Amino acid sequence: MNIACFRHTCATCGYGFNAPALSDFQYGAFIMCSDSGLHDAFLDAFDDKIWNEVDDLIQKNKPLLREKFWEVFALTCDLAPDGTKFEIGLRKCPRCRSTSLSRETDNTGISLDVPAITHNAWCKLTAEQKRSRILK
Ligand SMILES: [Zn+2]
């Protein structure tokens, strides 16, 4: 998925960098950012098969977890290439990992091909392993 990049500046260390961001009008679409701040993955909630699986598991087993849907969903995602976890909507500075970032409103004219989030490790788990991973 080709996504427009915006200039971000870190309020903590002053580092400036380009990173992809979606417009507010792309319903059901999200960018997941790695905990290191170095990797992005694209999520289309309508197209992601695991999304419904997580929703079902929560509904049938522990409806209260619904409030933490994003956290639970993140547990089903493969790790970023640098071994850190993907989270939804929390971009971190790639230099100091601060989340105090400002973003310019005009896009940079640069776009980046952001890979779709994958769930390969999750798909290899048994039903019981899946339940114990997310329902703890
Ligand atoms: Zn920083």
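The values are calculated or read from the model by the stated rules, or taken from the named source; none is laboratory data. Please read these numbers as outputs of a predicted model, since none were measured by experiment. Glycine also receives a Cβ, built like all others from the backbone with ideal geometry; neighbour counts cover every protein chain displayed.
Some observations on this one:
- Filtered residues of the stretch 112-128 (kept if free of Cβ contacts under 8 Å to residues at least 60 places away in the same chain and of a type in the set (S, T, N, Q)): Asn120, Thr126
- Looking across the stretch 1-42, the residues that are over 18 Å from Arg95 (Cβ atoms), assigned to a strand (DSSP E or B) and under 15 Å from the mean Cα position of the chain (by Cα) come down to Ile3, Ala29, Phe30, Ile31, Met32, Ala41, Phe42.
- Members of the stretch 61-98 found to be β-branched (Val, Ile, Thr) and touching a strand residue (DSSP E or B) at 6+ places or on another chain (Cβ under 9 Å), listed by number: Thr84, Ile88
- Filter result (more than 30 Å from Cys10 (Cβ to Cβ), surrounded by 12 or more Cβ atoms within 10 Å (Cβ to Cβ) and modelled with pLDDT under 95) within the stretch 89-129: none
- Check on Leu90, within 16 Å of the ligand (Cβ to nearest atom) and of a type outside the set (Asp, Glu): yes
- Ser132 satisfies every condition listed in (1) under 18 Å from Ile3 (Cβ atoms); (2) of a type outside the set (A, V, I, L, M); (3) without any contact (Cβ under 8 Å) to a residue 60 or more places away in the chain except (1).
- Matching entry among Asp24, Asp40 (being away from the ligand (no atom under 14 Å from the Cβ) and either surrounded by 13 or more Cβ atoms within 10 Å (Cβ to Cβ) or in contact (Cβ under 8 Å) with a residue 60 or more places away in the chain (or both)): Asp40
- Within the stretch 48-88, the set of residues being exposed (fewer than 12 other Cβ atoms within 10 Å of the Cβ), charged (D, E, K, R) and more than 15 Å from the chain's Cα centre (by Cα) comprises Lys49, Asp56, Lys60, Arg66, Glu67.
- Pick from the stretch 45-83, criterion part of a loop (DSSP other than H, G, I, E, B) and in contact with a Phe, Trp or Tyr (Cβ under 7 Å, 6 or more places away or on another chain), ranking: nearest to Asp35 (Cα to Cα): Ala80
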